[in-house]
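Take a look at the structure set out below.
The values are calculated or read from the model by the stated rules, or taken from the named source; none is laboratory data. Computed from a predicted structure; not experimentally measured. Quick reminder, even Gly has a Cβ in these numbers, built from the backbone with ideal geometry, and neighbours come from all protein chains shown.
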Amino acid sequence: MAAEHAGEYKDLVVFLAAAGVLVPIFSRFKVSPVLGFLAAGVLLGPDGLGRFADVAPWVEWLTITDRADMAVLAELGVAFLLFMIGLELSWGRLKTMRRMVFGLGVAQILACTAALSALFLLLGQTLDTALVAGMALALSSTAIVLPVLAERNRMGAGAGRATFSILLAQDLAVAPLLITVTVLAALSATAEGGLHPAAIGTALLTLGPAALGVGLIVILGRLVLRPLFRSVARAPGRELFLAAALLIVVGGGVAAQAAGLSMGLGAIAGLLLAETEYRREVELAIEPFKGLLLGVFFVSVGIGLDLDAVFAEPLRILSLALGLVVIKAAVIFTLARVAGLKSRQALETALVLGPAGEFAFVILSAGVAEGVASPAFIQSVLVSATLTMFAIPLLAGIGARITRRPRRLENEDEVEQAPELTPPESTVLIVGFGRVGQLVAEMLKAHDQSYIAIDSNSRAVTAARRKGEPVYYGDAANPEMLKLCGVDGIRALVITMDAPGKVDEVVGVIRTLREDLIIIARARDDRHAERLYALGVTDAVPETIEASLQLAENTLVDLGVPMGLVLASVHERRDAFRKSFQAAMPEARRRPARALRARAPE
């Protein structure tokens, strides 16, 4: 009995072993983790080590045998990825991207479908089979392309933004394409190939539940998400926040499936969350799950590669794979140039989007199930599509090399970042948005300095968001949170928290991330200020001393001492205090601090 129960978890153990042992080995040889998971899938699948199970039964314990369970986890991985994509969007940003998403993206789907369908017709396939295969292969792999581009820091470049827009259009098109397959089945559902209006009507009625499902997700999301996370954020411990984040990801995907849509359209929930102050914290909560479940997806793709089919007809399979990539890349390159991308950007976009995607398997399987696609031909297409997905990391590397320029010739495309992913260099990051933080923000606005803020008090964050302030809920002592808020691009960081220990912690974390950043921190008293200078702040502002100086200034002015003399003496005394505090700062930090202060604008 115990052995039977152990067998139920065998595939999970094998996958975790691949993630913890095989993939790190590939990484040592500078092989992309994505490619590592794909290779692990081939190795651990029935066409890899599984071939030897008959000769050595113990080998079965080293292979993954239950594809169905892996497929469920893989689908969750894609749902997590698309949810993260939704988090990086907002309704405003989606509106600004509409030309790329609904222009270039839709044009790519239509043009690639037409070109590939024409190819399959020339190969002797029926119109129905050619259309189903063309629609399926017109899509690219969101699950592989985006992690590969992120790994190479290409998401902020022009090619990365164009790729993201096209992939988003493709993900939105999955449901309409599946409905189209159903309509094709209805059109060919007579012996004479005549039209069946009732069948077509039934197929089109599937649009009703789909539209209703999307509407419910949007409405419930707007009504429920912010109150839910506000309540959870006030509870002690991070476990409840994590549970709520997982509920939204999985629940949104299940709701989309129940409406007859792809589970990936649960990304709409991410899009709704992108408008809230909890966006960054949710990203941190689900990031580990996304990476692990995407690994399951990549392994499942590797398992699905039928090596017997490749070896049986290598020329046919490889020719189909090469033809797919070349035709799609040519179409996408042309459309990208028409859309205004430079030649190198268009070529990089075409290379990474040329291979097939994960939703091709869904559409092709639906075509076979509906009886509108030839099973034998579709099997060959599936194997070819899988091979092209293996080539994505290589093609992405080629694209990155093509677009790489010498430093002196670097243009804005190579350095420009998406505005919501990385704030511009002029941005100030305020840690703590209580009364002090709000006053700092008001002064920054008065002098046309942009800023964003982080606070761990959900009530303060909610109140600030209602006023339209760019404040996010989260822990500033978490380096990943700071990175998500753009710490790599900001010019200055202001810490206003009234918690000396927490201020020290944030300064320590910041200095591990950036040695060159201007840091102005609120200090409790002179001893705390000395400690902060020792930790490496550019300026520390002790409350007790500032209050004393303000009291002295007001007293002297009220006594009739000229304002100019009073201000001069206050500044002189403040500088004296600063010099005494800085004596606690190591000389190695003191020189950079002076340089930063000297470079700071007046």
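The table below gives the values:
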{"read-out": "Cβ-Cβ under 9 Å pairs, at least 6 apart or on other chains, the range 118-143 side in the same structural domain as Gly295 (by TED's automatic domain parsing) and under 17 Å from Pro355 (Cα atoms), far side assigned to a helix (DSSP H, G or I) and of a type in the set (D, E, K, R)", "value": "Leu137/Lys328; Ala138/Lys328; Leu139/Asp171; Ser140/Lys328; Thr142/Asp171"}
{"read-out": "Residue match in the range 551-572 (condition: of a type in the set (A, V, I, L, M), in a loop (DSSP other than H, G, I, E, B) and buried (at least 19 other Cβ atoms within 10 Å of the Cβ))", "value": "no"}
{"read-out": "Which numbered condition Val471 fails, given (1) within 28 Å of Ile286 (Cα to Cα); (2) in contact with a Leu (Cβ under 6 Å, 6 or more places away or on another chain)", "value": "(2)"}
{"read-out": "Matching option when the condition is assigned to a helix (DSSP H, G or I), more than 17 Å from Tyr451 (Cβ to Cβ) and over 27 Å from the mean Cα position of the chain (by Cα), among Asp516, Asp504", "value": "Asp504"}
{"read-out": "Count of residues meeting criterion [out of contact with any Lys or Arg (no Cβ under 7 Å at 6 or more places or on another chain) and either of a type in the set (Asp, Glu) or closer than 25 Å to Ala568 by Cβ (or both)] in the range 523-541", "value": "8"}
{"read-out": "Residue tally, condition without any contact (Cβ under 8 Å) to a residue 60 or more places away in the chain, buried (at least 16 other Cβ atoms within 10 Å of the Cβ) and either of a type in the set (Val, Ile, Thr) or more than 13 Å from Leu535 (Cβ to Cβ) (or both), over the range 488-508", "value": "2"}
{"read-out": "Enumeration of residues in the range 155-170 that are farther than 15 Å from Met84 by Cα and buried (at least 23 other Cβ atoms within 10 Å of the Cβ)", "value": "Ala157, Gly158, Ala159, Gly160, Ala162, Thr163, Ile166, Gln170"}
{"read-out": "Count of the range 344-357 residues which are charged (D, E, K, R) and surrounded by fewer than 24 Cβ atoms within 10 Å (Cβ to Cβ)", "value": "1"}
{"read-out": "Unique residue being surrounded by 15 or more Cβ atoms within 10 Å (Cβ to Cβ) and either at pLDDT 70 or above or outside the structural domain of Thr512 (by TED's automatic domain parsing) (or both) when the list is Ala593, Ala540", "value": "Ala540"}
{"read-out": "Helices (runs of 4 or more DSSP H) within the range 288-358 that include 2 or more residues out of contact with any Gly (no Cβ under 9 Å at 6 or more places or on another chain) and under 25 Å from Glu151 (Cβ atoms)", "value": "314-338, 343-353"}
{"read-out": "Test: Val494 is part of a helix (DSSP H, G or I), within 22 Å of Val507 (Cα to Cα) and of a type in the set (A, V, I, L, M, F, W, C)", "value": "no"}
